Amino acid sequence: MNDISEVDYGPLKELIGVWKGNKGIDIAPDPDGEENNPYYETITFTAIGDVTNADTQTLAVLHYRQIVQRKSNDDVFHDETGYWMWDENTKTIMHSLTIPRAVSVLAGGKHNGEKTAEGFFVLEVAAEQGDKDWQIIQSPFMRDNAQTTAFSHKITVGKGKLEYSETTTVDIFDKIFEHTDGNKLVRE
Ligand code: HEM
């Protein structure tokens, strides 16, 4: 690994820092249909340097931790961690995540490394079951009872603001459910 501060994190660089937001809306599966949970959260992105794979691929890496609390009772009801990785050579961003339901995702997407005309990086990644590149791993219980079949995530970040929306497709309670989450955050 190189010195953390000397690494170019490309389109991920604006993510670094501690972010807070209290406008979150979660729509989650429920046996009777769906539940709608307003939330607030803290997401901490930490630059950790770069790694080299097979002597040829170099990834610039951020670690993150996302702690989400329900507005109604302050309970932490979603706790997520993982990495965002940038491969400058192939212009690929990768997002690995794990949640304590025994579900993990490696989502990927392309990025030209440039900001929009308005000064934001737009990061888009996706994974789908059966995809040859970007995949989902889950426990036997989740595979059989609450299977995640697809995941997509879009972040727009810049000027001290971060907005995201993500969709997790879950096969649960005999239906295919679009479990969605989104929030607007500011850097501390
Ligand atoms: C801000 C992000 C998220 C929040 C606040 C959130 C919250 C929730 C809530 C409240 C439920 C219903 C739990 C219950 O009542 O049983 C749920 C279910 C579920 N979530 Fe999430 N979720 C988030 C992101 C994700 C992600 C990223 C994944 C996977 C990639 C995921 C996978 C699942 C699955 C598989 C279930 C079904 C489990 C069940 O209801 O038995 N969620 N989530």
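Given the condition in contact with a helix residue (DSSP H, G or I) (Cβ under 6 Å, 6 or more places away or on another chain) and surrounded by 17 or more Cβ atoms within 10 Å (Cβ to Cβ), answer yes or no: does some residue in region 28-36 qualify? Checked against the condition, which is being in contact with a helix residue (DSSP H, G or I) (Cβ under 6 Å, 6 or more places away or on another chain) and surrounded by 17 or more Cβ atoms within 10 Å (Cβ to Cβ), region 28-36 yields no hits at all. Across region 37-57, the qualifying residues are those that are within 14 Å of Tyr9 (Cα to Cα) and buried (at least 17 other Cβ atoms within 10 Å of the Cβ), and the one among them that is farthest from the chain's Cα centre (by Cα) is Asp50.
The residues in region 99-134 that are among the β-branched types (Val, Ile, Thr) and either more than 11 Å from the ligand (Cβ to nearest atom) or in contact with an Asp or Glu (Cβ under 7 Å, 6 or more places away or on another chain) (or both) can be counted, and the count is 4. In region 60-87, what residues are surrounded by fewer than 17 Cβ atoms within 10 Å (Cβ to Cβ), more than 10 Å from the ligand (Cβ to nearest atom) and in contact (Cβ under 8 Å) with a residue 40 or more places away in the chain? Within region 60-87, just Lys71 meets the criteria. Within the set of pairs 6+ apart or on separate chains, which have a first residue in region 17-38 that is aromatic (Phe, Trp, Tyr), a second that is within 11 Å of the ligand (Cβ to nearest atom), and C-beta atoms under 9 Å apart? So the pair list comes out as Trp19/Glu41; Trp19/Ile43. Could you check region 29-48 and list, in sequence order, the residues that are assigned to a strand (DSSP E or B), over 23 Å from Leu162 (Cβ atoms) and of a type outside the set (D, E, K, R)? Once the filter is applied, which keeps residues that are assigned to a strand (DSSP E or B), over 23 Å from Leu162 (Cβ atoms) and of a type outside the set (D, E, K, R), region 29-48 yields Pro29, Gly33. Of the residues making up region 8-27, those that are within 11 Å of the ligand (Cβ to nearest atom) and either closer than 18 Å to Thr92 by Cα or surrounded by 17 or more Cβ atoms within 10 Å (Cβ to Cβ) (or both) are Gly21, Gly24, Asp26. Within region 123-151, the set of residues being in contact with a helix residue (DSSP H, G or I) (Cβ under 9 Å, 6 or more places away or on another chain) and within 14 Å of His95 (Cβ to Cβ) comprises Leu123 only. Looking across region 136-149, just one residue is crowded, with 18+ Cβ neighbours inside 10 Å and either more than 9 Å from the ligand (Cβ to nearest atom) or in contact (Cβ under 8 Å) with a residue 60 or more places away in the chain (or both), and that is Ala146. In region 30-45, of all residues being of a type outside the set (Asp, Glu) and touching a Lys or Arg at 6+ places or on another chain (Cβ under 8 Å), the one that is farthest from the ligand (Cβ to nearest atom) corresponds to Thr44. Taking the condition assigned to a strand (DSSP E or B), more than 17 Å from the chain's Cα centre (by Cα) and near the ligand (Cβ under 10 Å from one of its atoms), does Phe177 pass? Against the criterion (assigned to a strand (DSSP E or B), more than 17 Å from the chain's Cα centre (by Cα) and near the ligand (Cβ under 10 Å from one of its atoms)), Phe177 qualifies.
Values in this text are rule-based calculations from the coordinates and carry no lab data. Keep in mind that what you see is a predicted model, and the values were worked out from it rather than measured. Here the Cβ is made from the backbone with ideal geometry for all residues, glycine too, and neighbour counts use every protein chain on show.
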